[in-house]
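Structure record follows, encoded as structure tokens.
Read-outs throughout are calculated quantities, based only on the coordinates presented, and are distinct from any laboratory measurement. Computed from a predicted structure; not experimentally measured. So basically every Cβ, Gly included, is an ideal-geometry build from the backbone, and we count neighbours across all protein chains shown.
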Amino acid sequence: MIFEKLAKLLADKLDVDVDTITPETTAADLGMDSLDVAELLMDIEDEFGVTVEPSPDLKTIDDFVKAIEAKQ
Amino acid sequence: MNFRITGTGSYLPKRIVTNNDLAKIVETSDEWIQQRIGIRERRIATDETCADMAVSAAESALENAGVRADELDLILTSTVSGDFVSPSTACLVQKRIGATCMAYEINAACSAFLFLLETAAGYFARGKVKKALIVGAEKLSRILDWKDRSTCVIFGDGAGAAVLEAGDGYLDSTFDVKGDDEVLRIPHFHGSSPFDETEAEEPYIHMAGQETFKFAVSSITRDVKLLLERNSLTADDIRYIVPHQANARIIDTAARRLGIPQEKFYMNIDRLGNTSSASIPIALDELSRAGKLERGDKLLMCAFGAGLASAAALIRW
């Protein structure tokens, strides 16, 4: 559920086809730099109601999903 | 009773340093800096001290207001990059412009100019002062690690000043401090005490980029929304939102999240970089001298930085 919601959020935000986003897709694959990732963390806060701190370990979409799960 | 800004002034160092100049010093590029921070060039002090810049901005503001230095009742300055730990830049300005009034400095990093306004408002409210001078001056190039490509490309030097006189131009303000030394900090010179067992850290600007970005965007959106709502205003009622010029991406993102057109936000970071507590008064001086402000215009200023401190103020020009 979290993955689907996050993938949709990213697809809308970056204007890409949601089907191109898989758990293995990295933020860099989507053309996101570190400030885009920082903004994504703010979107996650709004959307999921949890605070995920910036970390170099957050690379793939699955990393973000796991970080959100850990906070819920 | 509070105050009205009756004059502004600024000083920018003569030396322009472009992104290509920096690419010769650290591994970076014009494209990377423009894309990530929105800066094309910045001014870097060469033969100017921090006090030199503060004095030039102060004199320009006094002239602009038609106020003599000996008429001043209060001088407040802000800097994180002054020439001395003591005396403060305020004392140096007082001496060099020929004033005799009380003078002191406030440290609230990049948000400090708004803390100066708030502090001055207290003196005006008590009827203790009739004319005040406030100055934000920064020689950040002195406290940058010129080997660290993630910070040395962001900052610039400069000073901005404003003369305040009794009036009713200070409409509302909000301040938020969340004590933290992890996200942003500038350690002091460590010293050479033979008894000191604490760990030395380079006395340069240390900054965690993503955390700073999040804090800055959140602060702007929260504070702008708060002041607009509390004063029953919309962005259309505001002539300009004047944000601290930290990073164009911060301002763009905040504007988007607020749903306020980017053009409403005054920007000069492309030419000047981040000048910390000098950025808002420099922006005010640019707007004023370019004839972009009329008496009665409402301006909303917002700032954020080390502390972590953030602030916003609504003024009538």
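Worth a mention:
- Per residue of B:213-221, other chain Cβ atoms within 10 Å of the residue Cβ number 3 on average.
- Per residue convex hull volume, Cα atoms of chain B, in Å³: 136
- Derived scalar couplings ³J(HN,Hα) [segment B:2-9; Karplus, 6.51 cos²θ - 1.76 cosθ + 1.60; whole Hz; x for Gly, Pro]: 10, 9, 10, 7, 10, x, 9, x
- Relative intensity of segment A:2-71 on a log10 scale, I(q)/I(0) at q = 0.12, 0.16, 0.26, 0.28 Å⁻¹, equals -0.25, -0.45, -1.39, -1.68, per a Debye sum over C-alpha point scatterers of equal strength in the absence of solvent.
- Relative contact order of chain A, pairs being alpha-carbon contacts under 8 Å that are 6 or more residues apart, as %: 35
- Looking at chain B, the DSSP beta bridges with both ends there are about 70 percent antiparallel.
- Cα centroid separation, segment B:147-220 to segment B:67-127 (Å): 18
- Pairs of Cα atoms nearer than 8 Å and 6+ residues apart set the relative contact order; for chain B it is 26 percent.
- Pairwise FRET efficiency - B:THR46 versus B:MET1, Cβ, R0 = 45 Å, nearest 0.05: 0.55
- The residue among B:SER150, B:VAL163, B:LEU184 whose Cα reaches farthest toward the positive pole of the charge dipole of segment B:146-197, with charges on the beta-carbon of Lys, Arg, Asp and Glu, is B:SER150.
- Inter-label distance, nm, simple model (7 Å from Cα along the C-beta direction), B:ALA235/B:ASP30: 3.1
- For the pair B:LYS264 and B:ALA208, the difference between a 0.36 nm per residue extended length and the Cα-Cα distance amounts to 17.3 nm.
- Under a model in which nothing but the beta-carbon of Lys, Arg (+1) and Asp, Glu (-1) is charged, the protein assembly as shown shows a dipole of about 1740 debye around its Cα centre.
- Relative contact order of segment B:151-304, defined on C-alpha pairs under 8 angstrom at six or more residues apart (%): 32
- A dipole drawn for chain B from +1 and -1 charges on Cβ atoms has a positive end, and of B:SER173, B:PHE84, B:ALA278 the residue lying farthest that way is B:SER173.
- Table column - 3J(HN,Hα) (Hz), segment B:163-180, Karplus curve with 6.51, -1.76, 1.60, x for Gly and Pro: 9, 10, 10, 3, x, 10, x, 9, 8, 6, 7, 9, 10, 9, 10, 10, x, 6
- Across segment A:48-61, rounded Karplus estimates of 3J(HN,Hα) from the backbone phi angles (6.51 cos²θ - 1.76 cosθ + 1.60, θ = phi - 60°) give 10, x, 10, 9, 9, 6, x, 7, x, 7, 7, 10, 8, 4 Hz, Gly and Pro being marked x.
- Each helix, a run of at least 4 DSSP H residues, gives -39500 (n - 2.57); summed and divided by the residues of chain A, these come to -17000 deg cm²/dmol at 222 nm.
- Membrane-span-like helices in chain B (whole DSSP H runs, Cα extent of at least 30 Å along the helix axis, mean Kyte-Doolittle hydropathy of at least -0.5): B:209-230.
- Sparse-neighbourhood loop sites, chymotrypsin sites (Phe, Trp or Tyr not before Pro) in segment B:65-165 - DSSP loop, at most 14 other Cβ within 10 angstrom: B:PHE84, B:TRP146
- Residues with amide H under 5 Å from that of B:GLY167, placed H, sequence gap 5 or more: B:ASN2, B:PHE3, B:ARG4
- Straight-line cross-link partners of B:LYS139 among the lysines, defined as a Cα under 21 Å from its Cα and at least 8 positions apart when in the same chain: B:LYS14, B:LYS95, B:LYS147.
- When Rg and the Kirkwood radius Rh are both evaluated on Cα atoms of segment B:2-168, their ratio Rg/Rh stands at 1.04.
- The trypsin sites (Lys or Arg not before Pro) of segment B:205-298 that meet both conditions, a loop assignment by DSSP and at most 13 other Cβ atoms within 10 Å of the site Cβ, are B:LYS292, B:ARG295.
- Here's the list of lysines a cross-link from B:LYS298 could span, going by alpha-carbon distance under 21 Å and ignoring same-chain residues fewer than 8 apart: B:LYS225, B:LYS264.
- Here B:PHE265, A:PHE3 are placed in order of increasing Cβ neighbour count within 10 Å, fewest first, which gives A:PHE3, B:PHE265.
- Overall form of segment B:212-252 per C-alpha gyration tensor (a/c, 1.5; a/b vs b/c): oblate
- With R₀ set to 56 Å, the beta-carbon distance separating A:GLU47 from B:PHE195 gives a calculated FRET efficiency near 0.60.
- If you bin all the Cα-Cα distances of the protein assembly as shown at 10 Å, starting from zero, the percentages per bin are 5, 23, 31, 24, 12, 5, 1, 0.
- In nm, spacing of pseudo-spin labels at A:GLU4 and B:ALA166 (7 Å Cα→C-beta vector): 6.8
- Using distinct alpha-carbon pairs, which all enter the 1/r mean, Kirkwood radius of segment B:152-296 in Å: 17.6
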